[in-house]
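Note sheet for the following structure.
Readers should treat all values here as calculations from the given coordinates under stated rules, not as data from a laboratory. Because the structure is predicted, anything quoted here is derived from the model rather than measured. Every residue, glycine among them, receives a Cβ derived from its backbone with ideal geometry; neighbour counts consider all protein chains shown.
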Amino acid sequence: MAKTFIDEVIARFDCRTTPFDLFDVYCQLLGASGDLAQLSSDEQRNLDAEIAAFTCRFTSDGRSPWGTFFDPLWEQCNGGAAIYNPDLARLDSRSVDVWAHRANTCTNPVLTSRYADLVWDLEQKIVGHGKRRPEFALIAFAAYLRAVSEGRFLYPPFATEALKRALEIAGEMRDREKITQATEAILEFGKTAPAGLLAKLSKALSIKNKPDSTTMKTMCSLLEQRLTRAIADNGPIEVDSAVHSLESIYRKAKDNQNRQRIAKIYGTFYMRMAETARSMLAIGWLMPVVQLYMDVNLAEEADEVLLYMENRGSTAANEMGVISVEMSDEEASNAEAEATLAIDDWLAPNDLFLALFRASYSLLPDPDDARKILDQAAIDCPLMSSIPRSLIGSEGMPVATIGAMEDDQEGRLVETYFQLLQMNAPYLDRIWLKAKDKFNFTIEELTEALRPSVLFDEDRKDFFIQGFAAFDVADYVKSIHILIPQVENMMRKFLRVLGAPTIKLVRDKPGIVELKNLSDALSNRRVKEALEEKILLFLKILYNDKRGYNLRNEVAHGIASFETFNRFVAAQVIQSIILLSALRPKMCYIPADEREAIHSKQAEPKDHSE
């Protein structure tokens, strides 16, 4: 049979004695294929099989959508249907025959291992019947070990993955001799492997099999050597890998003495690194140290590190820069004119409460607008969208984290919505002044406007009067301290209205109950279902989310700085009270997404035929 362009490409790589990347085979196959439309059906089918062979990748987390070891290069959703590359639906038994032929004829162990493992792993998935062929598992196993021993892989991580896969195949075959052989190859490779790769191999040994004590002692010895070298080289990544692998091994062996020894080595290294680092970096390094100390029962050492972190935290704020954006006079003038028109429109109703509710509600950003901002940021600033970050509290310590957009969409939404709330907060002061000018209301009249709400308690009336009055005379410390507990009480009444209990059992104290707090209420399923998303987001960010104001907790625990008690924050507390007070017998609140449908229905011509 005459050689095809596919045979020529594979032959070039098969005769190579130097390392290469399998993805290069894919690229050369595409480059040599020319006009795909000119290929015969057999050539196209064979090309599909070869392309699939080099676009499959090792699964990184054991969660291939195919339920196999090999993973597609990428996947995406199109109209609810998953699309994969490669697409196994384009392959059949003849594709598997192509791989089987290559596995038996190629001499390069990198190619042989790939083709043989594809047959072993994917044949049943593609063909849909029959038993797995163990001869290809044996071919793949031997080729993986040979490729590692001969240094045929381009990068050490590739060799590491090959050894892990060889061990996995031996386990799938339940062949103790092969497991021992793979283990010996891992330990041999580990003599020169970096700590990070050695840690992966150590984990593979402990997960896939039950290694004997001699094997684990050898692995520990190798990891201890890498740890010593990494400390001497000031390599934090290598130190982390070695320490966590050693701690895991010693934990499983119930060797607490060595666990504590390793933890102290880890802590000493990072305390030394912290001395010459900026405060925020030092604190970030030391957080895992504290956690490890706690895990191995070194409470006093953990306290020492926490004290050090507190001292460094006091200087962290001074290391931060300030980013500001200036607005031109014209932009400021236009924004002012738009705000004036909007406030006049919001306060148009002649009813005091209705006007204040309309203004308070209108100032809440639309969560979908926040999501659009995030989507655009992912396009314009993909790197920033993919970097997790820590939020630093007033003491210079991290109080919350926000993950990458892909992993933490909820956190990114909270962060963006919080920023929009802060931008809108100054308008609340203008609304208050404009409403006072229009309605000329007294504090008692404002409180009276809240009374129809089913969340209003008569015995809390004086608290509202005192809180509103304090705001009116610019005593924001008093206003906030008085009004936040009233919001919490309103939320408990809301639970009762929804048919949910307002009490909970006290943990570790059988037979004792206590009232639910604001966080309990806002996390309640019925509350989440009853409140419109933007109101729920606002309340959570304002009162109990560490990624936002977290006002209830910051005030209750004496954490909030004096600067927190300002007019804008106090106005947002009053805004939340007005929004909650909309729940009343003779007032129907309709979420924004339902209003258009209701208006359309009302506009339909009535049938008077009957």
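Could you list which residues have their amide H under 5 Å from that of residue 584, counting only those 5 or more apart in sequence or on another chain, with H placed in the peptide plane?
454
Quick one: Karplus J couplings for segment 227-232, per residue in order, coefficients 6.51, -1.76, 1.60, θ = phi - 60°, nearest Hz, x for Gly and Pro?
Going residue by residue, I get 4, 4, 5, 5, 5, 5 Hz, with x marking Gly and Pro.
Along segment 239-249, what does the Karplus equation 6.51 cos²θ - 1.76 cosθ + 1.60 (θ = phi - 60°) give for ³J(HN,Hα), rounded to whole Hz, x for Gly and Pro?
4, 4, 4, 5, 5, 5, 5, 5, 4, 5, 5
Using Cβ contacts closer than 10 Å as the measure, can you line up 434, 217, 178 from fewest to most?
Working: 434 18, 217 13, 178 21.
In increasing order of surrounding Cβ atoms, one gets 217, 434, 178.
Test of understanding: what is the full-extension gain from residue 546 to residue 248, defined as 0.36 nm times their sequence separation minus their Cα-Cα distance?
Taking 0.36 nm per residue and subtracting the Cα distance, the gain is 104.1 nm.
Pairs of Cα atoms under 8 Å, at least six residues apart: use those to get the relative contact order of the chain, whole percent.
The normalised contact order for the chain reaches 7 percent.
Go through segment 426-436 residue by residue and turn each phi into a ³J(HN,Hα) via Karplus (6.51, -1.76, 1.60, θ = phi - 60°); whole Hz please, and just put x for glycine and proline.
With coefficients 6.51, -1.76 and 1.60, one gets x, 6, 4, 5, 5, 5, 4, 5, 5, 5, 5 Hz.
Can you list the residues, at least 5 places off or on another chain, whose amide H is less than 5 Å from the amide H of residue 401, using H built in the peptide plane?
HN-HN under 5 Å from residue 401: 391.
For the charge dipole of the chain, defined by +1 on Lys and Arg C-beta atoms and -1 on Asp and Glu C-beta atoms about the Cα centroid, which residue among 479, 13, 449 has the Cα displaced farthest towards the positive pole?
With unit charges placed on the Cβ atoms, the residue in question is 13.
Measure out, as a whole number of angstrom, how far apart the alpha-carbon centroids of segment 49-123 and segment 252-327 sit.
Cα centroid of segment 49-123 versus Cα centroid of segment 252-327: 44 Å apart.
Assign unit charges at the C-beta atoms only (+1 for Lys and Arg, -1 for Asp and Glu), then state the dipole size of the chain relative to its Cα centre in Debye, rounded to the nearest 20.
Numbers: 72 positive and 90 negative charges, 515 e Å.
It comes to approximately 2480 debye.
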